[in-house]
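This report concerns only the one structure given below.
The values are calculated or read from the model by the stated rules, or taken from the named source; none is laboratory data. As the structure is a computational prediction, the values presented were derived from the model and not from experiment. With ideal geometry, Cβ positions are generated from the backbone for all residues, glycine too; neighbour counts draw on all protein chains shown.
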Amino acid sequence: MSLALQMRDYRLTTAEILYRLPDHPDILQTYLWQELDIAPRFPVLRKFLDFWERELEGKVHSVRVGSVGLVQPARWRHAGAVMQLH
């Protein structure tokens, strides 16, 4: 993953794409897609889905998207308890 892209607010984006099998349209299949993309517009995912609609036979049923930034400020917190095992 490119640190330069992450510094420009690209986030790790995962999409679960449900699509219909061309020969059996009543059956749904899952495809997982993962790339760095910019939320909430998701231009990379939209480009992929445009390619899918144009070039592949399986019709997309639904898309579920999750996105998280990988580059974040450091976090720390105090321990609630300290235990020692003998």
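Observations on the structure shown:
- Neighbours by Cβ (under 8 Å, 6+ apart or cross-chain): first from region 1-14, more than 8 Å from Gly69 (Cα to Cα) and modelled with pLDDT of 85 or more; second surrounded by 10 or more Cβ atoms within 10 Å (Cβ to Cβ) and of a type in the set (Asp, Glu): Thr13/Glu35; Thr13/Asp37
- Leu36 touching a residue at least 12 places away in the same chain (Cβ under 8 Å), part of a helix (DSSP H, G or I) and surrounded by 10 or more Cβ atoms within 10 Å (Cβ to Cβ): no
- Subset of region 52-82 (residues that are modelled with pLDDT of 90 or more and among the aromatic types (Phe, Trp, Tyr)): Trp52
- Single residue of region 1-33 satisfying the filter (over 14 Å from the mean Cα position of the chain (by Cα) and among the hydroxyl-bearing types (Ser, Thr, Tyr)) that is surrounded by the most Cβ atoms within 10 Å (Cβ to Cβ): Tyr19
- Criterion (aliphatic (A, V, I, L, M) and at pLDDT 95 or above) met by exactly one of Leu49, Leu36: Leu49
- In region 41-61, the residues that are more than 12 Å from Thr13 (Cβ to Cβ) reach residues that are among the polar types (S, T, N, Q) with C-beta atoms within less than 8 angstrom, at least six apart or across chains, in these pairs: Gly58/Gln29.
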